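Okay, structure first, notes after.
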Amino acid sequence: MNFIDKVRVFIKAGDGGNGCLSFHREKFIQFGGPDGADGGKGGDVYLEATTRLTTLLDLAHRPHIEGRSGSHGKGGGKTGESGVDVVIQVPVGTIVYKTVLLADLSRPGQRFLAARGGRGGRGNLSFKTRFNTAPRLYEKGEPGERATLDLELKLLADVGLTGFPNAGKSSLLSRISRARPKIADYPFTTLAPQLGVASHKAVHFVVADIPGLIEGAHSGKGLGVDFLRHVERTRVLVHLIDPQGYDARDALEGIEAIEAELKAFSSRLSRKPKILVVNKMDLPEAQAVLKRVRSRYRGRVLGISAATGQGVDVLLDRLILELSRHPRGESLEPRLEASRSLSVEAGFRVRPLGGGVYQLSGAYVERTAAMLDASLPEAVARFQGTLKRIGVDKALRKAGIQEGDSVRCGGFEFEWSDAPARALPRIRSRRTRIGVGKRAR
């Protein structure tokens, strides 16, 4: 199975159901009154963390997600049924971005509302007042939210194994856990991070084999740029050292190169506790290399052989001690960008497009236009009053609009007129003539 840790998804929540335009009809009841009910709410779309998944492969194959729409309202006061919420499962450790960090799904069962379903449109029963006892208007359902999100998976592991290719990371992982990664004697045998659960003295912890670290990995060389992000989640790093060196570098130069790569990728990695481990102690030159490394670094340096099991128990004892000193939680905190600030957008904005066409944008006005049935004169008059109440007519006049110019608002387009809407003829086309001037008295 392919390991996919970054994917972009396109989410559309469910639309709200349309309200109903209906009047009570019953024998011997002359004025039954309006009984059109509201439409149902559209279904929300959630992302939920689960331990049953270890990759974003499913979303990579199906990046377009659509919620379920609500049912339309009916006569007799029957409200439409709400759309069922859609829950998309993602691996634990998934981070959700949309320019800025939105959510860090680091716990099983944790949910994030990715897109909110649209509100159900109101039926004519909701518009009944003592001044208008028989309203002939209703609302269409509100469109569900759309969102384009970037998902990034950072594996949740307690211990991360780092080092140059062929240092023996996969061999050590298979020795201390039941993981069975591919093991061979050529570089870049491991092409994706491997996880294993190690148990020692009744203590269980997750170990991750991070592949492809070479010099320049943080800038795109090798495989490290794709998998270094997974090291950020770990609590302790184990740096495996090959006594034979790598790529014409001896063991000491290799240690400095790996340390520089970790620091260049993230300053957090340079501050994580590290255990230096010289592997392949069954080789003749390993003892001399271990002595040189211990003389250079004051901290205790361990020597093991993943192939024979020499010194592995000592390493596990050391890991248990370090994990007890660095409990879970501190490495899982989401990092919100410092530049993120709260901004309040204007209620609407008018922008001339040229040729007598103006663009009216804004969440409220676009939602109101999307829920309008322009074939109903009463609904058009209500839309006219809404625009006038929030000052759209003044903004359009200030922008230089003239009689007969077009105004676009979302997927709706209407013709500007200073004449009152109630005096205008009924128009069934998409282009509707709406006046936001003075009402007829």
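The values are calculated or read from the model by the stated rules, or taken from the named source; none is laboratory data. Model, not experiment: these values are computed from the prediction. Note: ideal-geometry Cβ built from the backbone for every residue, glycine included; neighbour counts use all protein chains shown. Side chains are part of the model used for accessible areas, which takes the heavy atoms of the whole protein and leaves out ligands, DNA and RNA. Shrake-Rupley method; radii C 1.70, N 1.55, O 1.52, S 1.80 Å.
Counting only helices (runs of 4 or more DSSP H) wholly contained in the stretch 236-321, the ones carrying 1 or more residues that are farther than 22 Å from I210 by Cα, of a type in the set (A, V, I, L, M, F, W, C) and open to solvent by 20 Å² or more (accessible area, probe 1.4 Å) occupy 286-296.
With respect to the stated conditions, A264 is touching a helix residue (DSSP H, G or I) at 6+ places or on another chain (Cβ under 9 Å) and modelled with pLDDT of 65 or more.
Taking G70, is it touching a residue at least 12 places away in the same chain (Cβ under 8 Å) and not in a strand (DSSP E or B)? Judged against the criteria, G70 is a match. Screening V96 on (1) out of contact with any strand residue (DSSP E or B) (no Cβ under 7 Å at 6 or more places or on another chain); (2) part of a strand (DSSP E or B) shows it passes everything except condition (1). If you check G19, G32, G40, G36 for being within 16 Å of V86 (Cβ to Cβ), in a loop (DSSP other than H, G, I, E, B) and either under 18 Å from the mean Cα position of the chain (by Cα) or not basic (K, R) (or both), only one passes: G40.
Quick check on my filter: what residues within the stretch 110-169 are farther than 26 Å from T50 by Cα and either under 13 Å from the mean Cα position of the chain (by Cα) or aliphatic (A, V, I, L, M) (or both)?
Residues of the stretch 110-169 farther than 26 Å from T50 by Cα: 118-143, 162-169.
Within the stretch 110-169, L125, A134, L137, A167 meet the criteria.
Restricting the first member to the stretch 364-378 and to residues that are closer than 15 Å to G17 by Cα, and the second to residues that are surrounded by fewer than 20 Cβ atoms within 10 Å (Cβ to Cβ) and among the aromatic types (F, W, Y), no beta-carbon pair is closer than 6 Å while six or more apart or on different chains.
Within the stretch 141-189, the only residue that satisfies the criterion of being assigned to a helix (DSSP H, G or I), buried (at least 22 other Cβ atoms within 10 Å of the Cβ) and either modelled with pLDDT under 75 or of a type in the set (S, T, N, Q) (or both) is S170.
Inside the stretch 220-261, can you point out the residues that are basic (K, R) and at pLDDT 80 or above?
We begin by selecting, within the stretch 220-261, every residue basic (K, R); these are 221, 229, 233, 235, 249.
Of everything in the stretch 220-261, just one residue is basic (K, R) and at pLDDT 80 or above, namely R235.
Here T55 meets each of (1) at pLDDT below 95; (2) of a type outside the set (F, W, Y); (3) outside any loop (DSSP other than H, G, I, E, B) with one exception, condition (3).
Identify all residues within the stretch 1-56 that are aliphatic (A, V, I, L, M) and open to solvent by less than 30 Å² (accessible area, probe 1.4 Å); write none if there are none. Let's see the steps before the verdict.
Going through the stretch 1-56, the residues aliphatic (A, V, I, L, M) turn out to be 1, 4, 7, 9, 11, 13, 21, 29, 37, 45, 47, 49, 53, 56.
Selection gives V7, V9, I11, A13, A37, V45, L47, A49, L56.
Whenever a residue of the stretch 162-174 is in contact (Cβ under 8 Å) with a residue 60 or more places away in the chain, its partners that are open to solvent by less than 10 Å² (accessible area, probe 1.4 Å) and among the acidic types (D, E), lying with C-beta atoms within less than 7 angstrom and at least six residues away or across chains, give the pairs K169/D209. Taking every residue in the stretch 263-292 that is farther than 18 Å from F164 by Cα and without any contact (Cβ under 8 Å) to a residue 24 or more places away in the chain and pairing it with any residue that is in a helix (DSSP H, G or I) and among the hydroxyl-bearing types (S, T, Y), at least 6 positions away or on another chain, yields no pair with a Cβ-Cβ distance below 7 Å. Going by the conditions given, is T94 buried (at least 23 other Cβ atoms within 10 Å of the Cβ) and farther than 30 Å from S126 by Cα? Yes; evaluated as a whole, the condition is true for this residue.
Does the stretch 98-123 hold any residues that are open to solvent by 20 Å² or more (accessible area, probe 1.4 Å), farther than 21 Å from G17 by Cβ and in contact (Cβ under 8 Å) with a residue 24 or more places away in the chain, and which are they? Outline the logic, then answer.
Taking the stretch 98-123 first, the residues open to solvent by 20 Å² or more (accessible area, probe 1.4 Å) are 98-100, 102, 107-113, 116, 119, 122.
With farther than 21 Å from G17 by Cβ added as a condition, the list becomes 98-100, 102, 107-112.
K98, V100, L102, R107, P108, G109, Q110, R111, F112 - these are the residues of the stretch 98-123 that are open to solvent by 20 Å² or more (accessible area, probe 1.4 Å), farther than 21 Å from G17 by Cβ and in contact (Cβ under 8 Å) with a residue 24 or more places away in the chain.
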